[in-house]
Amino acid sequence: MSKVKTWDDLQNELVSSGALTYEEIAESKARAAIMWELIHARKELKISQRKLEELTGVRQTTITRIESGKNSPSIDTMIKVLAPLGKTLAVVNLDIRKIACLFRLENIMMQRQVVIPFACSSIH
């Protein structure tokens, strides 16, 4: 029986094998977070994809593809789809220490001579 792998183990294995980079994993997580936020907001407001189409002019099939991750929409489209849900996109400063912990970038940062003088467990 093989040992069950954690998500961190799987990510490290994918990076070690060259299948993905830590940056690609971080980008994927960011896309998933945006998709989740769209789906959650739409369902919380009890708005169907069809109704969202009526409100935005963005085709229901496009909304489906965005929510399933099969489409990388333009910024304009995302802003248009998020607005009736009371959401928008924003550019915000990132706490590089938190990102290093969340995405396990410590090794990359050390290779680039960036020092992170803290313990990941202290990040909330």
### Query
If the cut-off is a Cα-Cα distance under 28 Å, which lysines reach K80, setting aside same-chain residues fewer than 8 apart in sequence?
K29, K43, K46, K51, K70
### Query
What does the accessible area of E13 come to, in Å² to the nearest 10, when a probe of 1.4 Å is used?
90 Å²
### Message
Could you work out what % of the accessible surface of region 1-75 is carbon and sulfur, using a 1.4 angstrom probe and leaving DNA, RNA and ligands out of the count?
### Response
57 percent
### Summary
Order by accessible surface, 1.4 Å probe, largest leading, for residues V91, V15 comes to V91, V15
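The values are calculated or read from the model by the stated rules, or taken from the named source; none is laboratory data. The shown structure was predicted, so the numbers you read here are calculated from the model rather than taken from an experiment. Calculation scope for accessible area: heavy atoms of the full protein, side chains included, ligands and nucleic acids excluded. Shrake-Rupley method; radii C 1.70, N 1.55, O 1.52, S 1.80 Å.
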